[in-house]
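The next block holds one structure in the form of structure tokens; read it before the comments.
The values are calculated or read from the model by the stated rules, or taken from the named source; none is laboratory data. This one's a predicted model, so the numbers in the text were calculated from it and none came from an experiment. Glycine gets a Cβ as well: all are built from the backbone with ideal geometry, and neighbour counts include every protein chain shown. Ligands, DNA and RNA are stripped out before the accessible areas are found, and what is left, the full protein with its side chains, is counted by its heavy atoms. Shrake-Rupley method; radii C 1.70, N 1.55, O 1.52, S 1.80 Å.
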Amino acid sequence: MRIQWPLALLALLLVPLAVLAYTAIERRRARYAIHYTNIEVLAAVAAGGRRWRYLLPPVLALVALTCALAALARPEARVSVASEEASIALTVDVSGSMSADDVKPTRLGAAQEAIRRFLAGLPTRYRVGLIMFSSEPYVAAPLTHDRQLVLEGLLLGDAGFGQGTAIGDALARSVEMLRPLATNGEVAPAPGSPAPPPDPNRPLSAILLLSDGAQTRGTLAPLAGAARAKSYGIPIYTVALGTPDGVLNRGGFSRPVPPDPVTLRQIARATGGEFFATQSEARLNAVYEDLASRLGHKNAWRELSFALVGVAALFALAAGALSLVWNQRLP
């Protein structure tokens, strides 16, 4: 909640003044003696059980006045609204460790299924690009509205697994894909400069990074890649896939391939994204479905003045109607 015109809240001082004025008017009315020829009517008016009929209309009128005066300050509330458009770079690790089967059927197979679910739950007006990486990144599908093109690019991971994991380079390539949309034609910020303030009118850009290991290849460090994303205001949502005791069996040899949640958590934290650790296909599916729902909305400020004026009008009408019916006069 925020207030555009804080000084306008001083108008609320009229509320206690209105209470004092109403109390003075009622006391003045009480000074005049009124003769009742009907004792039953007098008893009905004086009955304590119906005193609320005399108090409720002025209370409603007071609430109406408070709402109307509060509207002058133009309060705003932060609400979640559907994003009109967005661009998302799916960045997927296809290094050799992704063939480990501690996540069934394999880590890569589980990732492919989760991404399919993610695409199915994402609004069709969103553009999605796919970047795969092992020792170096490559664009499997450019930013597009064509979901089938992205799904076909996803199958390229089945062609074979590369050696090494270049997370930093993959992030830099993802930023390069999203940069024209993130800057919206503006001059690019200098490296290492603070992230630009969020612009509610700018289309959403985000990177979804899925990996299962620490960086072993590449020229750019993971946090350096994250710094590039941050300089353009692009959040990175990271998913660490695999179990701590995951083992890769290949050529008769076995080697442990535990995930690296520490680095992925740092990347997400540095860019204003979020980190997820997943050790099963079901959990991975849930994470991607949650991300699809979350990225389909954005936070925006909405002014409450018109709502407060509407509430004030309803309370004022209710106060007037009840007072006329019960007391044969306005509050």
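Out of all the residues in region 110-122, which are in contact with a strand residue (DSSP E or B) (Cβ under 8 Å, 6 or more places away or on another chain) and farther than 12 Å from Leu284 by Cα? Within region 110-122, Leu119, Leu122 meet the criteria.
Residues that are out of contact with any Leu (no Cβ under 8 Å at 6 or more places or on another chain) and open to solvent by less than 50 Å² (accessible area, probe 1.4 Å) were ranked within region 215-226; the one that is farthest from Val175 (Cα to Cα) is Gly218. Residue under question is Arg269, and the condition is that it be open to solvent by 50 Å² or more (accessible area, probe 1.4 Å) and either small (Gly, Ala, Ser) or under 30 Å from Ala77 (Cβ atoms) (or both); does it hold? The answer is yes for Arg269. Pairing each residue of region 210-234 that is within 18 Å of Val262 (Cβ to Cβ) with any residue that is open to solvent by 40 Å² or more (accessible area, probe 1.4 Å) and modelled with pLDDT under 90, provided the two are 6+ apart or on different chains, yields C-beta distances under 7 Å for Pro222/Gln215; Ala227/Gly192. When you scan region 285-298, do you find a residue that is modelled with pLDDT under 85, under 30 Å from Arg78 (Cβ atoms), assigned to a strand (DSSP E or B) and open to solvent by 60 Å² or more (accessible area, probe 1.4 Å), even just one? Within region 285-298, one or more residues are modelled with pLDDT under 85, under 30 Å from Arg78 (Cβ atoms), assigned to a strand (DSSP E or B) and open to solvent by 60 Å² or more (accessible area, probe 1.4 Å).
Residues that are closer than 19 Å to Ile131 by Cα and in a helix (DSSP H, G or I) were ranked within region 227-250; the one that is most open to solvent (accessible area, probe 1.4 Å) is Arg228. Among the residues examined, Arg31 qualifies as at pLDDT below 85 and either loosely packed, with under 13 Cβ neighbours inside 10 Å or among the β-branched types (Val, Ile, Thr) (or both).
Within region 124-134, not a single residue is part of a helix (DSSP H, G or I) and surrounded by 21 or more Cβ atoms within 10 Å (Cβ to Cβ).
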